[in-house]
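Worksheet for the structure shown next.
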Amino acid sequence: MGIPKGRRRIVVAVAALLVAGLAAATVYRVLAPAEVVTLARGERPPAVEPEVGPVGRFSTAPLIVDGRLRVYATTRQVWADEPVDDRQRNTPYWSYRRWPAQLSGVVAAGTTVVSRWSDGRLVALDADTGRVAWQVDAPAPQEGYTGRRTGAGTVWQPPGLHTATGPGGTVVLVVGDREMQGTDLVTGRQLWRVDVDPGCRTDVGTTVAGLLATLDRCAGGPVVEFRDATSGAVVERWSPPGAGAEVIVTPTGCATARSNCGGLRIAETGGGDPGGGGAAGEDGGRGWLVDGRSPVAALGLDRAGTVLVGEVGVSVIDGTVVARSALTGDELWRRVDLGPGTTVVAAQPGRVHLLTGEKELVTLDPADGVERSRFRFTVGRDGTGWTPGLGYAADGYVGLERLRTPVDAAGDDQRYYAMAEPVVLAVVDRGVGE
């Protein structure tokens, strides 16, 4: 006996609604915003004392955290592995993933890893466990993930994301196009948030004096604005003497990325003499120390490509490494034995790292030029026909991207990078910072 026609229509309609409901639920589960946390298992990784030399090559760039973990980034995930000196990337020690937001930047301070996302969310993770310590809303970045295949730009040079040390502790600073914000690293408490004019302000970084620096072109000529990292109050609006309408401000002497920097270098995009009063650097640039409330002229930082390490500016001139007093410009020492093609690729407290034309990584003490370590910066049978890309140094480690020669910044990743695993991580002199 069949189902009456009227009832059959009702059954079909109900079944259709059930199918539609199940489909909608499935779509929601797939498309709805999601957060997936995979916590660490086992005890905190122990400290290690690795041997000096190359550790290994990697497809993604590691951020060294607390000298115990390596943290990586991709479009929608930040995760860690260990041990820190293993020659290959391992199964995640912990992992944090969000969807559909994209990862914009990652910074670390102590045992806290802070990630910034394209929807403006700021998420702090405990590096020992991967547990979410806090999460708050912050100014959204103008772009999502920009780290390419290695993620180096996301973990080594995160745009608009910095840390600074103030009287009350460490502050996480976020710079957006229309807003800026300071957040307490430990508690996630918003310390301040201010609106700024859009489209006329460029993020610079933070200084060792606990100030957030931005380049302001909103009222005409360029002004470097310094804000107290803890309160957000403007403490200085400084017009570089003699600067033209368009300048580039480059931080140097930074503890990590563009955070806690000791100096700035200001150069006009079209050359010229920003700073006035004496011979300018070879490209018309000027160096300034920012270890106080107001910039102080630093003659030893005038030359393009000079890196500030402590109180010393180190540069390479026609294959010769020259160190000068950052403040006075007086020459302290020089090295002529490293050969042509040598370049400064990274620095950290008490050490400056140079890559020679023969792809040797040489670590020098900036105070006297004494060599602390030297080794071939290759792994296995890797060749030397590549160009250095982004560099990074922390906790006695140096990381470096290897790019295809000639560099094609507009090319896809296969054309841009020299090989499938373009990042080399190495251990340098273990006396760093002493």
**Prompt:** By how many degrees, between 0 and 90 and to the nearest 10, does the Cα long axis of helix 5-31 differ from the longest principal axis of the chain?
**Reply:** 20
**Request:** Counting other Cβ atoms within 10 Å, keep those with at most 16, restrict to DSSP loop, and tell me which GluC sites (Glu not before Pro) in segment 171-258 are left.
**Result:** E246
**Fill in**
For the R217, D195 Cβ pair and Förster radius 22 Å, calculated FRET efficiency rounded to 0.05 is 0.85
**Complete:** Using alpha carbon centers only, segment 376-434 is separated from segment 63-140 by a whole-angstrom value of 22
**Request:** Search the structure for amide H atoms under 5 Å from the amide H of E360, placed 1.01 Å from N in the peptide plane, and list their residues when 5 or more places away or on another chain.
**Result:** F377
**Fill in**
Full extension between T328 and T129 adds, at 0.36 nm per residue less the Cα distance, a length in nm of 66.9 nm
**GNM flexibility winner over the chain from P222, P159, P141 (Cα, springs under 10 Å)** = P222
**Message:** Let me check against my output: what whole-number percent is the relative contact order of the chain, with C-alpha pairs under 8 Å and at least 6 apart?
**Reply:** 11
**Prompt:** Where does segment 366-434 land on Rg(C-alpha)/(2.2 N^0.38 Å)?
**Reply:** 1.29
**Asked** If you roll a 1.4 Å probe over the heavy atoms of the protein chains, what accessible area per residue do you get for the chain, in Å²?
**Response** 44
**Message:** I'd like the FRET efficiency for T405 and V186, computed as 1/(1 + (r/R0)^6) with the beta carbon distance as r and R0 of 56 Å, rounded to 0.05.
**Reply:** 0.80
**Full-extension gain in nm, E49 to T387, via 0.36 nm per residue minus C-alpha separation** = 118.7 nm
**Asked** Based solely on its DSSP helices, what 222 nm [θ] is calculated for the chain when runs of n ≥ 4 H residues each add -39,500 (n - 2.57) and the sum is averaged over all residues, nearest 500 deg cm²/dmol?
**Response** -2500 deg cm²/dmol
**Request:** Starting at the first residue of segment 239-252, write each ³J(HN,Hα) from the Karplus equation 6.51 cos²θ - 1.76 cosθ + 1.60 with θ = phi - 60°, in whole Hz, x for Gly and Pro.
**Result:** 9, x, x, x, 6, x, 6, 10, 10, 10, 10, 10, x, 8
**Request:** Classify segment 80-192 as rounded, prolate or oblate from the Cα gyration tensor: take a ≥ b ≥ c as the square roots of its eigenvalues, call it rounded if a/c is under 1.5, otherwise prolate when a/b beats b/c and oblate if not.
**Result:** oblate
**Message:** Ignoring solvent entirely, what values of log10 I(q)/I(0) come out of the Debye formula for the chain at 0.08, 0.13 Å⁻¹ when each Cα is a single scatterer?
**Reply:** -0.48, -1.21
**Complete:** Amide H neighbours of E179 at under 5 Å, excluding residues fewer than 5 places away on the same chain, with H built from the backbone geometry, are V196
**Request:** Using DSSP, restrict attention to beta bridges with both residues in segment 356-416 and report what percent are antiparallel, rounded to the nearest 5.
**Result:** 100
**Request:** Provide the per-residue ³J(HN,Hα) series for segment 42-48, in order, calculated from phi with Karplus coefficients 6.51, -1.76, 1.60 and θ = phi - 60°, each as a whole number of Hz, with x at glycine and proline positions.
**Result:** x, 7, 4, x, x, 5, 10
**Prompt:** Out of segment 319-390, which trypsin sites (Lys or Arg not before Pro) are coil in DSSP terms and have no more than 14 other C-beta atoms within 10 Å?
**Reply:** R381
**Message:** Expected output is a single nm value to one decimal: the length gained when fully extending between A34 and V370, i.e. 0.36 nm times separation in residues minus the C-alpha distance. What is it?
**Reply:** 115.7 nm
**Fill in**
With all protein chains present, the chain has a carbon and sulfur share of its accessible area (1.4 Å probe) in percent of 51
**Item:** Rounded to the nearest 20 debye, dipole of segment 306-408 from Cβ charges on Lys, Arg, Asp, Glu
**Value:** 300
**Point-charge dipole on Cβ atoms (K/R +1, D/E -1) for the chain, about Cα centre, debye to 20** = 2400
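The values are calculated or read from the model by the stated rules, or taken from the named source; none is laboratory data. Please read all numbers here as calculations on a predicted model, not as lab measurements. Glycine also receives a Cβ, built like all others from the backbone with ideal geometry; neighbour counts cover every protein chain displayed. Just the protein is used for accessible areas: all its heavy atoms, side chains included, with ligands, DNA and RNA removed. Shrake-Rupley method; radii C 1.70, N 1.55, O 1.52, S 1.80 Å.
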